[in-house]
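Inspection log for the structure reproduced underneath, given as C-alpha coordinates.
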Amino acid sequence: MTEQGAEPGAMARVERVGVALGPRSYDVLVGAGLLARAGAEIAPLLSRPRLAVLTEERVAALHLEGLRAGLEAEGIAMSALALPPGEGTKGWAGLERAVEWLIAEKVERGDMVLALGGGVIGDLAGFAAAVLRRGVRFVQVPTSLLAQVDSSVGGKTGINSAQGKNLIGAFHQPSLVLADIGLLDSLPRRDFLAGYGEVVKYGLLGDAGFFEWLEAKGPALAAGDRGLRAQAVRHSVAMKAAIVARDETEAGERALLNLGHTFGHALEAATGYSDRLLHGEAVGLGCVLAFELSARLGLCPQEAPGRVAAHLAAMGLPYRLDQVSGGLPGAEALIGLMAQDKKVLAGRMRFVLARGIGQAFVSGDVPGDALRAVLEEALEG
Ligand code: GLY
(Lines give C-alpha, C1' and ligand atoms only; values in the text may rest on other atoms or scores of the structure.)
Protein backbone atom coordinates (compact mmCIF):
# COMPACT_ATOMS: atom_id res chain seq x y z
CA MET A 1 0.00 0.00 0.00
CA THR A 2 2.69 2.53 -0.93
CA GLU A 3 1.48 3.73 -4.35
CA GLN A 4 0.70 7.47 -4.63
CA GLY A 5 -2.93 8.50 -4.97
CA ALA A 6 -3.92 9.95 -8.35
CA GLU A 7 -5.44 13.41 -8.63
CA PRO A 8 -9.20 13.44 -8.27
CA GLY A 9 -10.69 13.24 -11.74
CA ALA A 10 -7.60 11.59 -13.22
CA MET A 11 -8.29 8.55 -15.44
CA ALA A 12 -7.61 5.71 -13.00
CA ARG A 13 -6.77 2.30 -14.35
CA VAL A 14 -9.22 -0.50 -13.84
CA GLU A 15 -8.12 -3.33 -11.54
CA ARG A 16 -9.59 -6.83 -11.80
CA VAL A 17 -10.00 -8.93 -8.66
CA GLY A 18 -11.09 -12.53 -9.21
CA VAL A 19 -13.43 -14.37 -6.86
CA ALA A 20 -12.39 -18.00 -7.37
CA LEU A 21 -15.43 -20.20 -6.88
CA GLY A 22 -15.08 -22.83 -9.60
CA PRO A 23 -18.04 -22.63 -11.99
CA ARG A 24 -19.40 -19.65 -10.05
CA SER A 25 -16.18 -17.61 -10.34
CA TYR A 26 -16.45 -13.95 -11.33
CA ASP A 27 -14.51 -10.73 -11.52
CA VAL A 28 -14.83 -7.55 -9.50
CA LEU A 29 -13.63 -4.57 -11.56
CA VAL A 30 -12.51 -1.53 -9.58
CA GLY A 31 -11.82 1.86 -11.14
CA ALA A 32 -13.24 5.19 -12.26
CA GLY A 33 -15.43 5.37 -15.36
CA LEU A 34 -16.81 1.82 -15.24
CA LEU A 35 -20.44 2.94 -15.62
CA ALA A 36 -19.64 4.34 -19.05
CA ARG A 37 -18.00 1.02 -19.94
CA ALA A 38 -20.75 -1.14 -18.46
CA GLY A 39 -22.02 -2.30 -21.86
CA ALA A 40 -18.60 -3.48 -23.01
CA GLU A 41 -17.98 -5.33 -19.75
CA ILE A 42 -21.42 -6.96 -19.55
CA ALA A 43 -22.08 -7.76 -23.25
CA PRO A 44 -20.01 -10.98 -23.26
CA LEU A 45 -22.22 -12.36 -20.47
CA LEU A 46 -25.57 -11.73 -22.16
CA SER A 47 -27.63 -14.23 -24.14
CA ARG A 48 -29.59 -11.35 -25.75
CA PRO A 49 -28.92 -7.57 -25.67
CA ARG A 50 -31.26 -6.50 -22.87
CA LEU A 51 -31.04 -6.00 -19.12
CA ALA A 52 -33.56 -5.50 -16.32
CA VAL A 53 -32.23 -2.97 -13.80
CA LEU A 54 -33.33 -2.76 -10.18
CA THR A 55 -32.36 0.48 -8.50
CA GLU A 56 -33.62 3.08 -6.03
CA GLU A 57 -34.98 6.53 -6.66
CA ARG A 58 -32.05 8.66 -5.40
CA VAL A 59 -29.46 6.56 -7.23
CA ALA A 60 -31.60 6.50 -10.37
CA ALA A 61 -31.69 10.32 -10.42
CA LEU A 62 -27.89 10.43 -10.26
CA HIS A 63 -26.70 7.45 -12.29
CA LEU A 64 -29.41 5.71 -14.31
CA GLU A 65 -28.88 7.78 -17.45
CA GLY A 66 -25.12 7.17 -17.23
CA LEU A 67 -25.78 3.45 -17.08
CA ARG A 68 -28.26 3.64 -19.96
CA ALA A 69 -25.67 5.43 -22.11
CA GLY A 70 -22.97 2.91 -21.17
CA LEU A 71 -25.22 0.03 -22.20
CA GLU A 72 -26.55 1.72 -25.36
CA ALA A 73 -22.98 2.16 -26.57
CA GLU A 74 -22.95 -1.63 -27.00
CA GLY A 75 -26.53 -1.88 -28.28
CA ILE A 76 -27.91 -3.22 -24.98
CA ALA A 77 -31.47 -2.10 -24.13
CA MET A 78 -32.52 -1.72 -20.52
CA SER A 79 -35.68 -1.28 -18.52
CA ALA A 80 -35.54 -0.13 -14.89
CA LEU A 81 -37.56 -0.23 -11.70
CA ALA A 82 -36.62 2.41 -9.10
CA LEU A 83 -37.72 1.46 -5.59
CA PRO A 84 -37.93 3.87 -2.64
CA PRO A 85 -34.62 4.46 -0.85
CA GLY A 86 -33.97 3.08 2.63
CA GLU A 87 -33.80 -0.16 4.58
CA GLY A 88 -37.63 -0.42 4.55
CA THR A 89 -37.44 -1.48 0.88
CA LYS A 90 -35.49 -4.62 1.86
CA GLY A 91 -38.53 -6.62 3.02
CA TRP A 92 -41.25 -8.91 1.71
CA ALA A 93 -43.15 -6.05 0.02
CA GLY A 94 -40.06 -4.77 -1.79
CA LEU A 95 -39.17 -8.32 -2.87
CA GLU A 96 -42.68 -8.91 -4.20
CA ARG A 97 -42.59 -5.69 -6.19
CA ALA A 98 -39.18 -6.51 -7.63
CA VAL A 99 -39.96 -10.10 -8.59
CA GLU A 100 -43.40 -9.34 -10.04
CA TRP A 101 -41.84 -6.53 -12.09
CA LEU A 102 -39.12 -8.84 -13.41
CA ILE A 103 -41.76 -11.38 -14.44
CA ALA A 104 -43.83 -8.63 -16.10
CA GLU A 105 -40.67 -7.56 -17.96
CA LYS A 106 -40.45 -11.14 -19.26
CA VAL A 107 -37.00 -11.72 -17.85
CA GLU A 108 -36.09 -15.24 -18.93
CA ARG A 109 -33.93 -17.85 -17.27
CA GLY A 110 -30.97 -16.94 -19.48
CA ASP A 111 -31.31 -13.16 -18.97
CA MET A 112 -29.44 -10.94 -16.58
CA VAL A 113 -30.67 -8.66 -13.78
CA LEU A 114 -28.55 -5.64 -12.84
CA ALA A 115 -28.48 -4.13 -9.34
CA LEU A 116 -27.62 -0.42 -9.40
CA GLY A 117 -27.42 0.94 -5.86
CA GLY A 118 -26.11 0.43 -2.36
CA GLY A 119 -26.40 -2.55 -0.03
CA VAL A 120 -30.19 -2.50 0.18
CA ILE A 121 -30.66 -2.74 -3.58
CA GLY A 122 -27.80 -5.21 -4.07
CA ASP A 123 -29.14 -7.59 -1.42
CA LEU A 124 -32.74 -7.29 -2.61
CA ALA A 125 -31.98 -7.56 -6.34
CA GLY A 126 -29.63 -10.49 -5.75
CA PHE A 127 -32.32 -12.33 -3.80
CA ALA A 128 -34.96 -11.48 -6.41
CA ALA A 129 -32.61 -12.93 -9.06
CA ALA A 130 -32.00 -16.00 -6.87
CA VAL A 131 -35.69 -16.86 -6.61
CA LEU A 132 -36.90 -15.71 -10.04
CA ARG A 133 -37.48 -18.81 -12.20
CA ARG A 134 -35.33 -20.72 -9.66
CA GLY A 135 -32.37 -18.48 -10.36
CA VAL A 136 -31.24 -16.01 -12.99
CA ARG A 137 -27.83 -14.39 -13.18
CA PHE A 138 -27.17 -10.87 -11.96
CA VAL A 139 -24.58 -8.10 -12.12
CA GLN A 140 -23.80 -5.82 -9.21
CA VAL A 141 -23.06 -2.14 -9.87
CA PRO A 142 -22.55 -0.90 -6.29
CA THR A 143 -22.89 2.85 -5.83
CA SER A 144 -21.97 3.18 -2.13
CA LEU A 145 -18.61 2.54 -0.52
CA LEU A 146 -20.20 -0.04 1.77
CA ALA A 147 -21.59 -1.96 -1.18
CA GLN A 148 -18.32 -1.71 -3.14
CA VAL A 149 -16.15 -3.12 -0.34
CA ASP A 150 -18.55 -5.58 1.20
CA SER A 151 -22.13 -6.34 0.25
CA SER A 152 -21.77 -6.58 -3.56
CA VAL A 153 -19.09 -9.28 -3.27
CA GLY A 154 -19.59 -12.78 -1.93
CA GLY A 155 -23.14 -13.67 -2.90
CA LYS A 156 -25.01 -12.99 0.33
CA THR A 157 -28.45 -11.85 -0.80
CA GLY A 158 -31.67 -11.41 1.10
CA ILE A 159 -34.20 -9.29 2.92
CA ASN A 160 -35.03 -8.40 6.52
CA SER A 161 -37.60 -10.16 8.68
CA ALA A 162 -39.79 -8.26 11.12
CA GLN A 163 -37.74 -10.20 13.70
CA GLY A 164 -34.28 -9.19 12.53
CA LYS A 165 -31.99 -8.08 9.74
CA ASN A 166 -30.99 -10.36 6.86
CA LEU A 167 -32.81 -13.37 8.31
CA ILE A 168 -34.31 -14.37 4.92
CA GLY A 169 -31.98 -14.97 2.00
CA ALA A 170 -29.84 -17.15 -0.21
CA PHE A 171 -26.25 -17.45 -1.30
CA HIS A 172 -26.38 -16.37 -4.95
CA GLN A 173 -23.13 -15.16 -6.49
CA PRO A 174 -23.20 -12.32 -9.04
CA SER A 175 -21.70 -12.91 -12.49
CA LEU A 176 -19.76 -9.63 -12.41
CA VAL A 177 -19.27 -6.65 -10.09
CA LEU A 178 -18.47 -3.19 -11.47
CA ALA A 179 -17.19 -0.94 -8.66
CA ASP A 180 -16.98 2.50 -10.26
CA ILE A 181 -14.94 4.66 -7.88
CA GLY A 182 -16.23 7.81 -9.59
CA LEU A 183 -19.75 7.12 -8.29
CA LEU A 184 -18.49 7.60 -4.73
CA ASP A 185 -18.05 11.33 -5.47
CA SER A 186 -21.83 11.81 -5.24
CA LEU A 187 -22.18 10.17 -1.80
CA PRO A 188 -23.06 12.36 1.16
CA ARG A 189 -20.03 12.53 3.49
CA ARG A 190 -21.81 10.65 6.27
CA ASP A 191 -22.68 7.74 3.94
CA PHE A 192 -19.12 7.61 2.62
CA LEU A 193 -17.71 7.51 6.15
CA ALA A 194 -20.18 4.81 7.18
CA GLY A 195 -18.85 2.67 4.33
CA TYR A 196 -15.35 3.44 5.53
CA GLY A 197 -16.31 1.67 8.80
CA GLU A 198 -16.33 -1.56 6.76
CA VAL A 199 -12.96 -0.72 5.16
CA VAL A 200 -11.40 -0.33 8.62
CA LYS A 201 -12.89 -3.72 9.52
CA TYR A 202 -10.67 -5.44 6.90
CA GLY A 203 -7.52 -4.00 8.44
CA LEU A 204 -8.65 -4.94 11.92
CA LEU A 205 -9.63 -8.49 11.05
CA GLY A 206 -6.66 -9.58 9.02
CA ASP A 207 -4.11 -6.99 7.88
CA ALA A 208 -2.37 -4.72 10.38
CA GLY A 209 -0.34 -3.16 7.53
CA PHE A 210 -3.57 -2.10 5.82
CA PHE A 211 -4.85 -0.60 9.07
CA GLU A 212 -1.61 1.40 9.38
CA TRP A 213 -2.02 2.54 5.77
CA LEU A 214 -5.57 3.65 6.56
CA GLU A 215 -4.36 5.56 9.63
CA ALA A 216 -1.99 7.46 7.33
CA LYS A 217 -4.17 7.86 4.24
CA GLY A 218 -7.74 7.78 5.62
CA PRO A 219 -8.24 11.56 5.84
CA ALA A 220 -7.03 12.19 2.25
CA LEU A 221 -9.10 9.27 1.02
CA ALA A 222 -12.23 10.66 2.71
CA ALA A 223 -11.47 14.11 1.28
CA GLY A 224 -11.88 12.70 -2.24
CA ASP A 225 -8.57 11.27 -3.50
CA ARG A 226 -9.74 8.78 -6.12
CA GLY A 227 -6.41 6.98 -6.36
CA LEU A 228 -6.45 6.25 -2.63
CA ARG A 229 -10.11 5.29 -2.77
CA ALA A 230 -9.42 2.84 -5.58
CA GLN A 231 -6.53 1.29 -3.64
CA ALA A 232 -8.65 0.92 -0.49
CA VAL A 233 -11.59 -0.61 -2.38
CA ARG A 234 -9.33 -2.98 -4.34
CA HIS A 235 -7.50 -4.12 -1.22
CA SER A 236 -10.74 -4.64 0.73
CA VAL A 237 -12.31 -6.57 -2.16
CA ALA A 238 -9.18 -8.71 -2.58
CA MET A 239 -9.29 -9.60 1.12
CA LYS A 240 -12.95 -10.45 0.92
CA ALA A 241 -12.54 -12.43 -2.32
CA ALA A 242 -9.82 -14.58 -0.75
CA ILE A 243 -11.94 -15.34 2.32
CA VAL A 244 -15.09 -16.07 0.28
CA ALA A 245 -13.11 -18.35 -2.07
CA ARG A 246 -12.01 -20.42 0.95
CA ASP A 247 -15.36 -20.40 2.75
CA GLU A 248 -18.27 -19.45 0.50
CA THR A 249 -21.12 -20.42 2.87
CA GLU A 250 -19.58 -19.24 6.15
CA ALA A 251 -18.80 -22.65 7.60
CA GLY A 252 -15.76 -21.09 9.29
CA GLU A 253 -13.37 -18.30 8.29
CA ARG A 254 -15.97 -16.11 6.55
CA ALA A 255 -17.45 -15.32 9.97
CA LEU A 256 -14.39 -13.07 10.49
CA LEU A 257 -16.06 -10.62 8.08
CA ASN A 258 -18.60 -10.10 10.84
CA LEU A 259 -16.07 -8.39 13.11
CA GLY A 260 -17.99 -5.66 14.91
CA HIS A 261 -21.33 -6.95 13.60
CA THR A 262 -22.69 -8.77 16.68
CA PHE A 263 -22.43 -5.57 18.70
CA GLY A 264 -23.27 -3.49 15.63
CA HIS A 265 -26.52 -5.32 14.84
CA ALA A 266 -27.67 -4.89 18.43
CA LEU A 267 -26.96 -1.15 18.24
CA GLU A 268 -28.81 -0.90 14.92
CA ALA A 269 -31.79 -2.79 16.32
CA ALA A 270 -31.78 -0.56 19.42
CA THR A 271 -31.90 2.54 17.21
CA GLY A 272 -34.63 1.12 14.97
CA TYR A 273 -32.39 0.69 11.88
CA SER A 274 -32.82 4.42 11.43
CA ASP A 275 -30.49 7.23 10.45
CA ARG A 276 -29.70 7.63 14.15
CA LEU A 277 -26.99 5.07 13.41
CA LEU A 278 -25.98 3.89 9.94
CA HIS A 279 -24.84 0.28 9.46
CA GLY A 280 -21.18 1.13 8.88
CA GLU A 281 -21.18 3.45 11.90
CA ALA A 282 -22.59 0.60 13.99
CA VAL A 283 -19.86 -1.70 12.64
CA GLY A 284 -17.17 0.81 13.61
CA LEU A 285 -18.57 1.08 17.15
CA GLY A 286 -18.92 -2.69 17.20
CA CYS A 287 -15.22 -3.08 16.31
CA VAL A 288 -14.25 -0.85 19.25
CA LEU A 289 -16.44 -2.98 21.55
CA ALA A 290 -15.03 -6.25 20.14
CA PHE A 291 -11.51 -4.99 20.90
CA GLU A 292 -12.63 -3.79 24.36
CA LEU A 293 -13.99 -7.26 25.05
CA SER A 294 -10.82 -8.91 23.73
CA ALA A 295 -8.67 -6.67 25.95
CA ARG A 296 -10.85 -7.36 29.01
CA LEU A 297 -10.45 -11.10 28.40
CA GLY A 298 -6.67 -10.63 28.22
CA LEU A 299 -6.60 -11.70 24.58
CA CYS A 300 -5.20 -8.54 23.01
CA PRO A 301 -2.96 -5.66 24.15
CA GLN A 302 -4.75 -3.15 26.40
CA GLU A 303 -3.90 -0.26 24.05
CA ALA A 304 -5.53 -1.87 20.95
CA PRO A 305 -9.12 -0.67 21.58
CA GLY A 306 -7.89 2.89 22.08
CA ARG A 307 -6.05 2.76 18.77
CA VAL A 308 -9.17 1.57 16.95
CA ALA A 309 -11.26 4.31 18.58
CA ALA A 310 -8.62 6.96 17.82
CA HIS A 311 -8.70 6.15 14.10
CA LEU A 312 -12.50 6.29 13.96
CA ALA A 313 -12.39 9.61 15.81
CA ALA A 314 -9.78 10.99 13.40
CA MET A 315 -12.08 10.08 10.51
CA GLY A 316 -15.12 11.74 12.07
CA LEU A 317 -16.88 8.44 12.74
CA PRO A 318 -18.65 7.72 16.05
CA TYR A 319 -16.36 5.86 18.44
CA ARG A 320 -18.23 6.17 21.78
CA LEU A 321 -21.77 4.98 22.55
CA ASP A 322 -22.79 8.38 23.95
CA GLN A 323 -22.42 9.73 20.40
CA VAL A 324 -25.46 7.71 19.29
CA SER A 325 -28.28 10.24 19.12
CA GLY A 326 -31.39 9.56 21.17
CA GLY A 327 -29.65 7.30 23.71
CA LEU A 328 -29.42 3.52 24.01
CA PRO A 329 -31.08 0.91 26.24
CA GLY A 330 -29.12 -0.79 29.02
CA ALA A 331 -26.58 -3.60 28.74
CA GLU A 332 -29.14 -6.40 29.34
CA ALA A 333 -31.39 -5.15 26.56
CA LEU A 334 -28.44 -4.96 24.15
CA ILE A 335 -27.39 -8.51 25.07
CA GLY A 336 -30.96 -9.63 24.36
CA LEU A 337 -30.75 -8.06 20.89
CA MET A 338 -27.41 -9.79 20.23
CA ALA A 339 -28.97 -13.18 20.91
CA GLN A 340 -30.97 -12.85 17.65
CA ASP A 341 -27.71 -12.68 15.67
CA LYS A 342 -27.32 -15.13 12.78
CA LYS A 343 -24.06 -16.35 14.30
CA VAL A 344 -25.83 -17.88 17.30
CA LEU A 345 -24.94 -21.58 17.22
CA ALA A 346 -26.83 -24.13 19.32
CA GLY A 347 -28.08 -21.21 21.42
CA ARG A 348 -24.53 -19.92 22.13
CA MET A 349 -23.50 -16.47 20.97
CA ARG A 350 -20.33 -16.39 18.90
CA PHE A 351 -18.12 -13.33 18.82
CA VAL A 352 -15.35 -12.23 16.52
CA LEU A 353 -12.55 -11.29 18.92
CA ALA A 354 -8.94 -10.30 18.27
CA ARG A 355 -5.45 -11.13 19.53
CA GLY A 356 -4.32 -7.76 18.20
CA ILE A 357 -4.92 -5.46 15.25
CA GLY A 358 -5.20 -7.65 12.15
CA GLN A 359 -5.60 -10.87 14.15
CA ALA A 360 -9.30 -11.69 14.51
CA PHE A 361 -10.73 -15.09 15.40
CA VAL A 362 -14.15 -16.54 16.21
CA SER A 363 -14.95 -17.43 19.79
CA GLY A 364 -17.98 -19.20 21.22
CA ASP A 365 -16.62 -18.84 24.68
CA VAL A 366 -17.33 -15.37 26.01
CA PRO A 367 -18.26 -15.18 29.69
CA GLY A 368 -21.51 -13.26 30.12
CA ASP A 369 -20.14 -11.13 32.96
CA ALA A 370 -17.26 -9.83 30.79
CA LEU A 371 -19.69 -8.95 28.01
CA ARG A 372 -22.00 -7.18 30.45
CA ALA A 373 -19.09 -5.27 32.01
CA VAL A 374 -17.81 -4.06 28.62
CA LEU A 375 -21.26 -2.82 27.64
CA GLU A 376 -21.95 -1.19 31.01
CA GLU A 377 -18.62 0.65 30.88
CA ALA A 378 -19.19 1.75 27.29
CA LEU A 379 -22.71 2.97 28.10
CA GLU A 380 -21.41 4.96 31.07
CA GLY A 381 -18.93 6.64 28.68
N1 GLY B 1 -20.76 -9.08 4.95
C2 GLY B 1 -20.20 -10.28 5.44
C3 GLY B 1 -20.08 -11.35 4.42
O4 GLY B 1 -20.31 -11.11 3.26
O5 GLY B 1 -19.78 -12.47 4.76
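The values are calculated or read from the model by the stated rules, or taken from the named source; none is laboratory data. Treat the numbers as computed from the prediction; the structure is a model and nothing was measured. FYI the Cβ positions are ideal-geometry reconstructions off the backbone, even for glycines, and counts take in every protein chain you see. Quick note on the areas: whole protein, heavy atoms, side chains included, nothing else; ligands and nucleic acids left out. Shrake-Rupley method; radii C 1.70, N 1.55, O 1.52, S 1.80 Å.
I'm trying to understand the selection: among the residues of the range 63-88, which are touching a Pro at 6+ places or on another chain (Cβ under 7 Å) and either surrounded by 14 or more Cβ atoms within 10 Å (Cβ to Cβ) or in a helix (DSSP H, G or I) (or both)?
ILE76
Is one or more of the residues making up the range 187-209 of a type in the set (Asp, Glu), on the phi < 0 side of the Ramachandran plot, part of a helix (DSSP H, G or I) and within 12 Å of the ligand (Cβ to nearest atom)?
Yes - at least one qualifying residue is present in the range 187-209.
Return the residues of the range 127-142 that are assigned to a helix (DSSP H, G or I), in contact with a strand residue (DSSP E or B) (Cβ under 6 Å, 6 or more places away or on another chain) and of a type in the set (A, V, I, L, M); say none if nothing qualifies.
Hits for the range 127-142 are ALA129, ALA130.
Would you point out which residue out of ALA60, ALA32 is touching a residue at least 40 places away in the same chain (Cβ under 8 Å), crowded, with 19+ Cβ neighbours inside 10 Å and out of contact with any helix residue (DSSP H, G or I) (no Cβ under 8 Å at 6 or more places or on another chain)? Before the answer, list the steps.
On the way: ALA32 fails: out of contact with any helix residue (DSSP H, G or I) (no Cβ under 8 Å at 6 or more places or on another chain).
Going through ALA60, ALA32 in turn, the sole match is ALA60.
Which pairs do you get when a residue that is under 21 Å from ALA40 (Cα atoms) and within 14 Å of the ligand (Cβ to nearest atom), found in the range 155-180, comes within reach of a residue that is part of a strand (DSSP E or B) and open to solvent by 30 Å² or more (accessible area, probe 1.4 Å), reach meaning Cβ atoms under 8 angstrom, with the pair 6+ apart or on two chains?
Matching pairs, first to second residue: PRO174/ARG137; VAL177/ASP27.
Any idea which residue in the range 241-282 is farthest from the ligand (Cβ to nearest atom), counting only those that are assigned to a loop (DSSP other than H, G, I, E, B) and surrounded by 23 or more Cβ atoms within 10 Å (Cβ to Cβ)?
LEU277
Basic (Lys, Arg), part of a strand (DSSP E or B), modelled with pLDDT of 95 or more and surrounded by fewer than 16 Cβ atoms within 10 Å (Cβ to Cβ), is that true of ARG48?
no
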